[in-house]
Each structure stands twice: as structure tokens, then as C-alpha cells.
Amino acid sequence: MHASSLKDLMKLEKSLGYTFNTKSILKEAITHKSYAHEKKKDIQAYNERMEFLGDSVLELIISEYLYLTYTEYTEADLSKIKAYIVQESSLAETAKRLEIGSYLLLGKGEEMTGGREKPSLLADAFEAILSAIYIDGGLEKAREFILNNLSHKVEKLAANKFIFDFKTELQEVVQAEYGVLPKYITHNEEGPEHKKVFEVKVFIKDDLFGSGKGRTKKAGAQKAAEAALEKIKESNETNL
């Protein structure tokens, strides 16, 4: 299934919870460049420029929400929370829940390589759709869409006193992108018994992706997972 017809677009609108005044804007938001390049005569617009705008709108809405809601937190705290909420894995997870992948217009190559399930492609499509809502309905509608879909993630973090579970996040990312589970190894222990520090390393397919130190093995593993996530993010950005 993909949004090649008005009927499909209307199904997607129902999933998104927003009805477009101009349907062509939504169609552009779900059109990948691979599809546009294959249909040169029929399709010229695709969603990369919309991703650019959607990214900025997303940052504004989440920043405003955090600023107004969590007044006791510092700029550094708010920046960390925002980065966690708007990262690729978070947006891709939301896109999957909204079934956005089912409606994407993809080229044959992307279709054959599982493009509908790729986290980077799903996250980009989510941002493009946000941009489309902003263009079509204005900032308030865009804000409503984002808070309906992402504010619960902030509230879940708040309930956990904003303790970030990087191990769970890394597992989700690695399973999606590499098809395996990360492996943690306690590399070193140092210091007296009452002040012991553990160094933990995390491997993906036998390759070292991150290391971290903590007063417990669990804390060290969380630091290692955070470092691995940053490495994966940098690698993905380099390959764009």
C-alpha cells in the first residue's frame, strides 16, 4: 500500500489525525527522492526540502514545550532532553506507530532494500509531514500534531526523573540497523572496593562502538551505550 490515490491519502490523514486543505502538500511530504527520480516526467517535487523545514519546526515546538513545562531545569538539562526526544530513533518509532512507512512513495531500489522500515527514512518522512502540516495549517496545528505524538515521551522521562535508558535505546537502534543485539563486556575494574570504578565496552558484530566508566557495571554500560549511539549518529550523518 502506498499513497498513490486520494483514497490512500485520506487513510493517511486519518492515521495522522489531520486533514489537509491541499492534498498535494501531503503527497510531496511522503515522496522520496528515489521515486521522483524514477518518475522524472510525472514527479518533480520530493520531501528533502520539507524535511529541512520540519526539523526546525520540531525543534521550536519541543523547545517551547520544555521551556514552559519544566521551569526548574537548566539550559543544559533541557538541551539533553530535547536531543533525546527529537533523535532519529524516537521519530522513526513514532512514524512506525502512525504507519507512515506504508504510505511512502519509494523508488524500486529503496522498496527492495526495505526502505519502508529504515529508521532514517521514517524519521525524515515524519519531519516532512510535520512541515506539510505547518505549511497547510499553521504553527498551532503543527504544535498540536507534535505534542499529541511526542509529549508522552517527555512525560515518561519526567516520571523516571529524566534518567535516560541508553541501553534500551541502543538495542532498538542496533536491531533495526544491524539485525543483531549489542554485546557488553566489563573491560576493567579499578579502585578500592568501596570506590570501585567499572569500565564497560559495547560491541556490535565484534566491532567496538563505545566505552564508559561508572561506579557500577550498570552505570558503565549506560555510558558505553550513550557513546555507541553518538558514534552511530555521526556515521549516519556522514553517509547522508
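The values are calculated or read from the model by the stated rules, or taken from the named source; none is laboratory data. The structure displayed is predicted, hence computed values, not measured ones. Heads up, the Cβs are rebuilt from the backbone with ideal geometry, glycines too, and the neighbour counts pull from every protein chain shown.
What the table shows:
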| read-out | value |
| --- | --- |
| Scan of the range 186-200 for residues that are out of contact with any Phe, Trp or Tyr (no Cβ under 7 Å at 6 or more places or on another chain) and part of a strand (DSSP E or B), ordered by number | 187, 188, 190, 197, 198, 199 |
| Boolean, residue 200 is aliphatic (A, V, I, L, M), surrounded by 15 or more Cβ atoms within 10 Å (Cβ to Cβ), in contact with a Gly (Cβ under 6 Å, 6 or more places away or on another chain) and not assigned by TED's automatic domain parsing to the domain that holds residue 73 | yes |
| Sole residue being assigned to a strand (DSSP E or B), at pLDDT 85 or above and surrounded by 15 or more Cβ atoms within 10 Å (Cβ to Cβ), chosen from 210, 220 | 210 |
| Residue list for the range 133-183, restricted to those being surrounded by fewer than 18 Cβ atoms within 10 Å (Cβ to Cβ), of a type in the set (Asp, Glu) and either assigned to a helix (DSSP H, G or I) or touching a strand residue (DSSP E or B) at 6+ places or on another chain (Cβ under 8 Å) (or both) | 140, 144, 155, 172, 177 |
| Pair list, Cβ under 8 Å, 6 or more apart: the range 100-117 residue in contact (Cβ under 8 Å) with a residue 60 or more places away in the chain and surrounded by fewer than 19 Cβ atoms within 10 Å (Cβ to Cβ), other residue assigned to a loop (DSSP other than H, G, I, E, B) and of a type in the set (A, V, I, L, M, F, W, C) | 102/1 |
| Qualifying residue in the range 83-96 (condition: closer than 20 Å to residue 27 by Cα, free of Cβ contacts under 8 Å to residues at least 40 places away in the same chain and among the small types (Gly, Ala, Ser)) | yes |
| Residues located in the range 40-99, provided they are of a type in the set (A, V, I, L, M) and outside any helix (DSSP H, G or I) | 43, 45, 98 |
| Condition broken by residue 18, with the remaining ones in (1) assigned to a loop (DSSP other than H, G, I, E, B); (2) more than 18 Å from residue 149 (Cα to Cα); (3) modelled with pLDDT of 95 or more satisfied | (2) |
| Hits in the range 183-199 - residues which are modelled with pLDDT of 95 or more and touching a helix residue (DSSP H, G or I) at 6+ places or on another chain (Cβ under 8 Å) | 184 |
| Per-region count, the range 71-96, residues more than 18 Å from the chain's Cα centre (by Cα) and surrounded by 15 or more Cβ atoms within 10 Å (Cβ to Cβ) | 1 |
| Residue check, residue 110 in contact with a helix residue (DSSP H, G or I) (Cβ under 6 Å, 6 or more places away or on another chain), modelled with pLDDT of 95 or more, in a helix (DSSP H, G or I) and not β-branched (Val, Ile, Thr) | no |
| In the range 23-69, the residues that are basic (Lys, Arg) and closer than 18 Å to residue 121 by Cα | 27, 33, 49 |
| Residue ID - modelled with the highest pLDDT, chosen from residues in the range 70-99 that are more than 15 Å from residue 128 (Cα to Cα) and among the basic types (Lys, Arg) | 97 |
| Cross-chain or 6+ apart pairs with Cβ under 8 Å, the range 228-240 first and outside any loop (DSSP other than H, G, I, E, B) and loosely packed, with under 10 Cβ neighbours inside 10 Å, then of a type in the set (Asp, Glu) and at pLDDT 80 or above | none |
